[in-house]
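A.B. asks: The structure follows.
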Amino acid sequence: MNSYYLTLVLYMILIYWLIVVVLDRKGILERYNISAIGPILMIRTLRGQKLLARLGTGELREKFWRTYANIGTVLVLIAMTFMFILIIYGAYGTFMMKPEPTELNAPKNWLLIPGLNDFIPMCAWIGFVVALVVHELSHAVLSTVEKIKVKSMGLLVLIVPIGAFAEPDSEQLFGKKEDGKKKKEEHELAHERDKEVESGKTKKIATAGERTRILSAGVTSNFCVALIAFILFFGILFSFQPVSDTVFYVYGVADGSHAEKLGIASETFITKIDGSPAMDIAGMNNVLEEREEISFTVLDKQGKEREVTVKDGYEHEGVAIVRVEGGTPAANAGMNSGMSITRMDNMSITGYGDFFEFMNHTLPGQEIEVQTDEETHMVVLKESPYYANRGYLGIGIANNPLGMAVVEFPTKGYLEHLRGVPSSLMTISPGGWLMLTIMPILPLDRGGFSSFNPLLSNFYEPVGAASLFGGSIFFIADILFWIGWLNFYIGLFNCLPAIPLDGGYVFKEMLNSVLGIGMKDKKKKELISIVIVFILSVVILLSIILMLVGPYTFKFFATG
């Protein structure tokens, strides 16, 4: 999203907020059982009670839901451990490595809002809504099963729906009196159901086991929906076949290079050369050297193909730099994208082969002289993060005369990689689960996946029964992937042992049970559990902040 559209969205939110404030002050929102928290509307309703009763009433249904939630509690505990370790490890890695800010650190990418987040396409809205509705509906159903009153359900709206909620009676659920400052509309909305409370009898208070089941139900349902969606998604992949064996993926373009002048950008594809299927990289470079004119068929990020004619006159000395990583020896020495390396120490550099030949014989801590087309740089190499006992400069270089870095993208191999993701989840190692978690943010050449449209659908075609759907089968696959991924991720995030997330409350209940083994003083036990959960919540919050804001902070102090 460019700055124009971002500014337009901000203006729309401000105008919307102003309208909300006016309606709230005039009492119009209250009249329709709506309350406002800043610009966010909480639209409550008592509708759906019959559905809850139908889903959660009856001996067999109650037994099913309790068993379902008990199994889910185990899943929550496993996911809680996985996410806590992942968050702490991520924060530790950020602090130690002090990485440069990337797209991941952009504020708009902090939220899972499709279309605003650069990594989540608009088609993911369906998955987003499904995840929220399923999560909150499950809380409500289990509350009904455990005879805990559901006062209302509803939506959170910020121009568009951004969340859903269910409101079990907090006094019944947690055994605490509700806040005396409770808003008037909540009392009025619950009045009709309060009449149903048995006269003269003590209102039921949920046991620890009942609370845990109610709190675990939302996450459990997210995981179940994710499982079903992923089974369908990965099943569909077996109905695809590649149209061609190999295309070129452009993962870097040097500033001011011939490729940039032709309009070839990074994260695009070259599908044909002179109208024929792409060959290997060496073959492409040979053609560029032998012919005075050659045409590329380029597929841009929007999935549009265009012809690019390359004419003679792009030759240059050395090898072009397409990327310089922040904080590396190259960056510290003042090297930038667009420069061309012509000599390293006493070795002449005529291409990327010479560059790698030189770097393969370097050591960490070695000082080298790098001659570019602009100036000479004295660089002290660091240890390579990829190869033991080897020097590291911290740059990406072009591997063809046009000044771009390309890699052969094996369409068949990539499809086989996607098909193999489920089998990687069956191993003891958490690597497969981590891979599934970060797939949308990984580049394509590293096994990432976001959607088939608009790019990847050009490289595959449906076969068998799937061909009856035509091109729409790719859209169906995209929807299934995002329903699965968002349910999976939202479920994982909610498992973190931090209040107000479900995982925080579940962890507190488990902690109370453990402390209860050797501690009879209920108040002391409650205080200790509250303190421990509070400390964990602060640690998790600070860790997330460090991962998001840390790169900007480190860069500020490094340049300041």
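A.B. asks: If I ask for residues that are part of a strand (DSSP E or B), closer than 30 Å to Leu393 by Cα and in contact (Cβ under 8 Å) with a residue 40 or more places away in the chain, which ones from region 268-323 would you list? Spell out how you get there, then give the answer.
C.D. replies: So the first thing to find is which residues in region 268-323 are part of a strand (DSSP E or B), and the list is 268-273, 276-277, 293-299, 305-311, 319-323.
Filter once more, so that each one left must be closer than 30 Å to Leu393 by Cα: 268-270, 319-323.
Hits for region 268-323 are Phe269, Ile270, Val319, Ala320, Ile321, Val322, Arg323.
A.B. asks: Select from region 10-66 the residues that are part of a helix (DSSP H, G or I) and within 21 Å of Asp169 (Cα to Cα) and list them in ascending order. First the steps, then the outcome.
C.D. replies: Step one: filter region 10-66 for residues part of a helix (DSSP H, G or I), giving 10-25, 28-31, 49-56, 59-66.
Across region 10-66, the qualifying residues are Glu30, Gln49, Lys50, Leu51, Leu52, Ala53, Arg54, Leu55, Gly56, Glu62, Trp65, Arg66.
A.B. asks: Out of the residues in region 519-560 meeting the condition of being buried (at least 16 other Cβ atoms within 10 Å of the Cβ) and more than 28 Å from the chain's Cα centre (by Cα), tell me which one is modelled with the lowest pLDDT.
C.D. replies: Lys525
A.B. asks: Are there any pairs, at least 6 apart or on different chains, whose C-beta atoms fall under 8 Å, with the first in region 416-439 and of a type in the set (Ser, Thr, Tyr) and the second part of a helix (DSSP H, G or I) and exposed (fewer than 13 other Cβ atoms within 10 Å of the Cβ), and if so, which?
C.D. replies: From region 416-439, the pairs are Ser424/Gly431.
A.B. asks: Still on this model: Could you go through region 450-469 and let me know if any residue there is at pLDDT 90 or above, in a loop (DSSP other than H, G, I, E, B), within 19 Å of Tyr251 (Cβ to Cβ) and under 16 Å from the mean Cα position of the chain (by Cα).
C.D. replies: Checked region 450-469: at least one residue is at pLDDT 90 or above, in a loop (DSSP other than H, G, I, E, B), within 19 Å of Tyr251 (Cβ to Cβ) and under 16 Å from the mean Cα position of the chain (by Cα).
A.B. asks: Right, something else. For region 357-374, give me each residue that is touching a residue at least 24 places away in the same chain (Cβ under 8 Å) and over 38 Å from the mean Cα position of the chain (by Cα).
C.D. replies: Result: Gln366, Ile368, Glu369, Val370, Gln371, Thr372, Asp373, Glu374.
A.B. asks: State all residues of region 32-56 that are of a type outside the set (A, V, I, L, M, F, W, C) and surrounded by fewer than 18 Cβ atoms within 10 Å (Cβ to Cβ); if no residue qualifies, say none. If you could, list the steps in order and put the result at the bottom.
C.D. replies: Taking region 32-56 first, the residues of a type outside the set (A, V, I, L, M, F, W, C) are 32-33, 35, 38-39, 44-45, 47-50, 54, 56.
Those that are of a type outside the set (A, V, I, L, M, F, W, C) and surrounded by fewer than 18 Cβ atoms within 10 Å (Cβ to Cβ): Tyr32, Asn33, Gly38, Pro39, Thr45, Arg47, Gly48, Gln49, Lys50, Arg54.
A.B. asks: Quick one: which of Gly327, Gly334, Gly351 is farther than 26 Å from Glu267 by Cβ, small (Gly, Ala, Ser) and surrounded by 12 or more Cβ atoms within 10 Å (Cβ to Cβ)?
C.D. replies: Values: Gly327 fails: farther than 26 Å from Glu267 by Cβ; Gly351 fails: farther than 26 Å from Glu267 by Cβ.
Residue meeting the stated conditions: Gly334.
A.B. asks: Just to be sure, is Phe296 under 30 Å from the mean Cα position of the chain (by Cα) and buried (at least 19 other Cβ atoms within 10 Å of the Cβ)? Working first, answer last.
C.D. replies: Working: under 30 Å from the mean Cα position of the chain (by Cα): no; buried (at least 19 other Cβ atoms within 10 Å of the Cβ): yes.
For Phe296, the condition - under 30 Å from the mean Cα position of the chain (by Cα) and buried (at least 19 other Cβ atoms within 10 Å of the Cβ) - is not met.
A.B. asks: Scan region 444-476 residue by residue and report those that are aliphatic (A, V, I, L, M) and out of contact with any strand residue (DSSP E or B) (no Cβ under 9 Å at 6 or more places or on another chain). Give the derivation first.
C.D. replies: First pass over region 444-476, keeping only residues aliphatic (A, V, I, L, M): 444, 455-456, 463, 465-466, 468, 473, 476.
Matches in region 444-476: Leu456, Ala465, Ile476.
A.B. asks: Could you please find all residues in region 238-259 being assigned to a helix (DSSP H, G or I) and buried (at least 19 other Cβ atoms within 10 Å of the Cβ)?
C.D. replies: Let us first name the residues in region 238-259 that are assigned to a helix (DSSP H, G or I), namely 238-239, 258-259.
Hits for region 238-259 are His258, Ala259.
A.B. asks: Looking for something modelled with pLDDT of 70 or more and outside any loop (DSSP other than H, G, I, E, B) - is there at least one such residue anywhere in region 191-209? Quick ask: steps written out before the conclusion?
C.D. replies: Step one: filter region 191-209 for residues modelled with pLDDT of 70 or more, giving 204-209.
Within this subset, residues satisfying the condition of being outside any loop (DSSP other than H, G, I, E, B) are 208-209.
For region 191-209, residues modelled with pLDDT of 70 or more and outside any loop (DSSP other than H, G, I, E, B): present.
A.B. asks: Does Thr362 meet the test of being part of a loop (DSSP other than H, G, I, E, B), over 21 Å from Met97 (Cα atoms) and at pLDDT 90 or above? Reasoning before the result, please.
C.D. replies: Numbers: part of a loop (DSSP other than H, G, I, E, B): yes; over 21 Å from Met97 (Cα atoms): yes; at pLDDT 90 or above: yes.
It is true that Thr362 is part of a loop (DSSP other than H, G, I, E, B), over 21 Å from Met97 (Cα atoms) and at pLDDT 90 or above.
A.B. asks: So, one more: What residue, of Glu59, Glu100, is in contact with a Gly (Cβ under 6 Å, 6 or more places away or on another chain) and either closer than 26 Å to Ile483 by Cα or in the same structural domain as Pro551 (by TED's automatic domain parsing) (or both)? Spell out the reasoning first.
C.D. replies: Values: Glu59 fails: in contact with a Gly (Cβ under 6 Å, 6 or more places away or on another chain).
So the residue among Glu59, Glu100 that is in contact with a Gly (Cβ under 6 Å, 6 or more places away or on another chain) and either closer than 26 Å to Ile483 by Cα or in the same structural domain as Pro551 (by TED's automatic domain parsing) (or both) is Glu100.
A.B. asks: From the list Gly503, Gly484, Gly518, pick out the single residue that is assigned to a loop (DSSP other than H, G, I, E, B), small (Gly, Ala, Ser) and either assigned by TED's automatic domain parsing to the domain that holds Pro121 or farther than 21 Å from Ile85 by Cβ (or both).
C.D. replies: Gly518
A.B. asks: Here is a follow-up. If a residue must be farther than 18 Å from Gly326 by Cα and part of a loop (DSSP other than H, G, I, E, B), how many such residues does region 366-382 contain?
C.D. replies: Going through region 366-382 one residue at a time, the tally reaches 4.
A.B. asks: Which one is farthest from Ser221 (Cα to Cα), of the residues in region 117-137 that are in a helix (DSSP H, G or I) and of a type in the set (Val, Ile, Thr)?
C.D. replies: For region 117-137, the residue satisfying everything is Ile126.
A.B. asks: I've got another one for you. Determine whether region 78-85 contains at least one residue that is touching a residue at least 12 places away in the same chain (Cβ under 8 Å), more than 30 Å from Thr553 (Cα to Cα) and surrounded by 15 or more Cβ atoms within 10 Å (Cβ to Cβ). Please lay out each step first, then the result.
C.D. replies: Within region 78-85, the subset touching a residue at least 12 places away in the same chain (Cβ under 8 Å) is 79-80, 82-84.
Among the residues that remain, those that are also more than 30 Å from Thr553 (Cα to Cα) are: 79.
From what's left, surrounded by 15 or more Cβ atoms within 10 Å (Cβ to Cβ): 79.
Checking region 78-85: at least one residue is touching a residue at least 12 places away in the same chain (Cβ under 8 Å), more than 30 Å from Thr553 (Cα to Cα) and surrounded by 15 or more Cβ atoms within 10 Å (Cβ to Cβ).
A.B. asks: Is there any pair linking a residue in region 383-411 that is without any contact (Cβ under 8 Å) to a residue 60 or more places away in the chain to one that is assigned to a loop (DSSP other than H, G, I, E, B) and not hydroxyl-bearing (Ser, Thr, Tyr), with Cβ under 6 Å and at least six apart or on different chains, and which?
C.D. replies: Qualifying pairs under 6 Å: Glu383/Pro364; Ser384/Arg390; Gly391/Leu363; Gly391/Pro364; Gly391/Gln366; Gly391/Leu381.
The values are calculated or read from the model by the stated rules, or taken from the named source; none is laboratory data. The structure presented is a predicted model; accordingly, all values stated were derived computationally and were not measured. All Cβ positions, even for glycine, are placed from backbone atoms using ideal geometry, and neighbour counts span all protein chains on display.
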